[in-house]
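Single-structure report; data block below.
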Amino acid sequence: MAGVREDLEVFAAELLDGFFRADQRRWGQAYVRGLLLDGRRKSVEPMAARLGEDGNRQALAHFITSSPWDAAHVRARLAWRMHEAIGPEALIIDDTGFLKDGDASACVARQYTGTAGKVTNCQVGVSAHLATDRASTPVNWRLFLPASWDPASLQADADKVARRIRCGIPDHVGHVEKWQLALDMIDETRSWSIDIPLVVADAGYGDAAVFRHGLEERGLTYAVGISSRHTAHRAEARPVQPAYAGTGRPPKAQYPEPAQTVKDLVIATGKAAARPVSWREGSRPGKGRSGVKRMYSRFVALRIRPAGRGVHRAADDPELPERWLLAEWPTGESEPVQFWLSDLPSGMPLATLVRLAKLRWRIEHDYREMKQALGLAHFEGRTWAGWHHHVTLVSAAHAFCTLQRLTRDPKDPAPV
């Protein structure tokens with residue numbers, strides 16, 4: 001830490017420059033430094049023990065839990081700094097779980113999280129990360145509020161609703177789906193004058209047609225995972241106008257054949273259509289110039305017209321919009337194993353389409369680094385504001401690490 005202490009102070013001062021009070025700037029810098037110091041636990045008490053003259057446990061706890069500073073202002077400054085440093089190719093959306101033993105923390109409930117791979121007692125945070133293949137960092141967060149915490153919901157739990165006041169959850173915050181939180185973050189990030197060239201997400205978001213439509217309404221390009229059950233027509237399919245009997249309202253043009261699942265469309269195309277693609281360096285040793293093996297698989301890319309409920313046509317156009325369907329069909333597998341939908345341009349090379357769709361690996365890298373080294377899941381406070389303060393400053397600590405790596409060797413990719 002001694003070797004980068006001066007760099008950290010300059011970086012933290014830039015992020016916290018909007019704080020009017022000197023004590024807030026002091027404890028904000030101390031908190032970020034505490035997250036970066038060695039030590040297994042990054043909650044307030046063990047960090048205070050390691051911070052020396054800045055190890056005032058009470059002051060740190062007050063700053064992170066109840067001090068009235070706006071985390072969004074810090075995230076905006078972080079986004080400006082990292083957009084300039086990274087030159088992002090995409091904004092990646094995902095969510096992660098914060099496992100809890102008790103039930104007093106804001107928005108904790110029994111719910112599914114990929115962190116545990118099951119339904120368990122946890123909080124769930126949705127995050128947005130600026131990313132390229134070389135570097136990434138989270139720049140926005142939302143804490144998901146389950147329906148049981150929303151007094152307006154039919155699923156409201158009286159005990160949880162009563163805890164809203166103790167947790168400091170604002171009255172206007174209710175239950176909304178994670179995909180809507182993602183759109184809200186996208187809108188906020190764009191309001192900071194951050195350009196979003198592409199949105200990448202897994203099937204948890206891509207399966208929601210309303211999410212994809214929300215991106216299209218905003219003029220944003222996307223490459224999102226979808227499940228195999230989605231239906232579509234081939235690109236060459238055209239709607240046909242049924243004969244008009246001369247009475248009543250004329251029938252609308254319809255596709256003569258029923259839509260197929262995307263899995264069936266790819267299987268019908270045949271495994272011979274799968275092409276080999278290598279899209280990035282992995283973590284295993286290899287014999288190439290870099291010394292590591294490259295990620296490799298086989299892919300089928302089709303032009304399709306997504307169908308089904310929630311897919312929006314243009315106002316006066318009976319045709320469904322044309323999109324990319326990308327499927328991974330590895331050697332040795334009897335059927336494709338993963339699917340993506342994208343509105344990237346029709347002339348996009350397969351290798352580029354694969355690399356961009358697969359860019360989501362960066363967010364898993366970020367979660368792992370923040371949880372294992374920077375204390376993302378170590379916050380022991382119970383307040384709504386405290387959670388957002390903590391994840392924002394963990395993001396700042398992560399961004400500082402990213403900047404240090406880029407400064408040491410701009411061409412060296414971050415570890416997998």
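The values are calculated or read from the model by the stated rules, or taken from the named source; none is laboratory data. Note that the structure is predicted; figures quoted are calculated from it, not measured. FYI the Cβ positions are ideal-geometry reconstructions off the backbone, even for glycines, and counts take in every protein chain you see. Please note that ligands, DNA and RNA were not included when accessible areas were found on the heavy atoms of the full protein model with its side chains. Shrake-Rupley method; radii C 1.70, N 1.55, O 1.52, S 1.80 Å.
Things to note:
- Odd one out for Val391, checked against (1) among the β-branched types (Val, Ile, Thr); (2) open to solvent by 20 Å² or more (accessible area, probe 1.4 Å); (3) part of a helix (DSSP H, G or I): (2)
- Qualifying residues in region 155-171 (those that are in contact (Cβ under 8 Å) with a residue 40 or more places away in the chain and hydrophobic (A, V, I, L, M, F, W, C)) - the one surrounded by the fewest Cβ atoms within 10 Å (Cβ to Cβ): Cys167
- Taking the criterion of being among the polar types (S, T, N, Q) and either in a loop (DSSP other than H, G, I, E, B) or under 21 Å from Ala208 (Cα atoms) (or both), the residues of region 321-358 that qualify are Thr331, Ser334, Gln338, Ser342, Ser346.
- Here Ala76, Ala72, Ala30 are screened, and the one residue that is under 28 Å from Cys167 (Cα atoms), in contact with an Asp or Glu (Cβ under 6 Å, 6 or more places away or on another chain) and of a type outside the set (S, T, N, Q) is Ala30.
- For region 126-137, the condition of being outside any strand (DSSP E or B), in contact (Cβ under 8 Å) with a residue 12 or more places away in the chain, at negative phi and buried (at least 21 other Cβ atoms within 10 Å of the Cβ) holds for at least one residue.
To keep it simple, each residue is scored yes or no on (1) touching a helix residue (DSSP H, G or I) at 6+ places or on another chain (Cβ under 7 Å); (2) in contact (Cβ under 8 Å) with a residue 12 or more places away in the chain.
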position	(1), (2)
Gly310	yes, yes
Pro318	no, yes
Gly347	no, no
Phe379	yes, yes
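- Number of residues in region 222-269 that are farther than 15 Å from Pro306 by Cα, buried (at least 17 other Cβ atoms within 10 Å of the Cβ) and either among the acidic types (Asp, Glu) or in contact with an Asp or Glu (Cβ under 9 Å, 6 or more places away or on another chain) (or both): the value is 1.
- Single residue of region 342-382 satisfying the filter (among the aromatic types (Phe, Trp, Tyr) and closer than 20 Å to Arg134 by Cα) that is most open to solvent (accessible area, probe 1.4 Å): Trp361
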